[in-house]
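This report refers to the structure that appears directly beneath it.
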2 protein chains.
Amino acid sequence: MHLATTPPPPYYAVIFTSVRSDIIEGYAETAQRMEELAKQQPGYLGHEAAREQIGVTVSYWESLEAIRNWKTNTEHILAQQTGRSDWYTAYTTRICLVERAYSWGDFNL
Amino acid sequence: MHLATTPPPPYYAVIFTSVRSDIIEGYAETAQRMEELAKQQPGYLGHEAAREQIGVTVSYWESLEAIRNWKTNTEHILAQQTGRSDWYTAYTTRICLVERAYSWGDFNL
C-alpha cells in the first residue's frame, strides 16, 4: 500500500470507515477480490486504506456515476450483504467532492 | 478509536494520508497533542484514523473557515514543520465536501 497518486481536483472520494466483527471466514479473500474488482471499474482513480481499532478506506473516483456503477456491481452487492451479516458490526460510507489537494514528499518510497 | 458520529451533510472532510519515516522521537506525543488541540477548535466534528503501511486520518469540520483556522493554528504549524523535517517521508492532504453519508450498525460497540 502506497499513497495514491490522483489527478488535480475536482474528483470524488468515498470514505468507508468500519468496525470488524470477530468473524474472519471469507473476509480477507473478499476484501482482496473487491480491491481487484474496484481497480477494473471505469472512473477508478486509486485507493488508500489502513486498519487498527477501526478501518479507514478511501477510494477515489472520476464521477458520481463511476461510484454508482461500483456500488451496484453485482459481485460487490453480494459482498456488501455478507459485510452486514458477517464481517462488520458498524460502518459509515461518505461520498465527498474533493475540492483541493496538496502533496509533499517522495511518493516513490 | 470509535467511528465518528457526524451531523447530516453537507460538512467538510480533511483526508490526510501519510508515510512515516523511521524517526519516532516526539511523534506520539505530538500526534496526541494535535488530536486534543483539534477537538478544541470551533467547527470540529470528529475524526477517524488508522495506520498500517500508510496512515489514513480523516477529520470532519463544519466549514472551510474552521479548516483554515486549524491549518493556521500556531502550535499546529510547528507540528507541520516537524512533520516535514522528521516524521513523514510523504503525505497528501485533501479538502472535501461531504455530500452524502450512510451509516449502518451498532455505533456503541
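We did not get these values from a lab; they are worked out from the coordinates using the rules stated. This one's a predicted model, so the numbers in the text were calculated from it and none came from an experiment. So basically every Cβ, Gly included, is an ideal-geometry build from the backbone, and we count neighbours across all protein chains shown.
Identify, please: which residue in region A:61-109 is acidic (Asp, Glu) and within 13 Å of chain B (Cβ to nearest Cβ) and is, among those, nearest to B:TRP104 (Cα to Cα)?
Step by step, filter region A:61-109, then rank; the result is A:ASP86.
Give the number of residues within region B:54-109 that are basic (Lys, Arg) and over 16 Å from A:SER103 (Cα atoms).
2
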Residue pairs within 9 Å by beta carbon, gap of at least six or interchain, first lying in region B:64-84 and of a type in the set (S, T, N, Q), second surrounded by fewer than 15 Cβ atoms within 10 Å (Cβ to Cβ) and in a helix (DSSP H, G or I), listed first then second, are B:GLN80/B:LYS71
Counting only residues that are assigned to a strand (DSSP E or B) and surrounded by 15 or more Cβ atoms within 10 Å (Cβ to Cβ), region B:82-102 contains a total of 12
Looking at the structure I just gave you, is A:GLU36 touching a Ser or Thr at 6+ places or on another chain (Cβ under 6 Å) and among the acidic types (Asp, Glu)?
no
- [ ] Take A:ARG51 and decide whether it is within 11 Å of chain B (Cβ to nearest Cβ), in contact (Cβ under 8 Å) with a residue 40 or more places away in the chain and of a type outside the set (A, V, I, L, M).
- [x] no
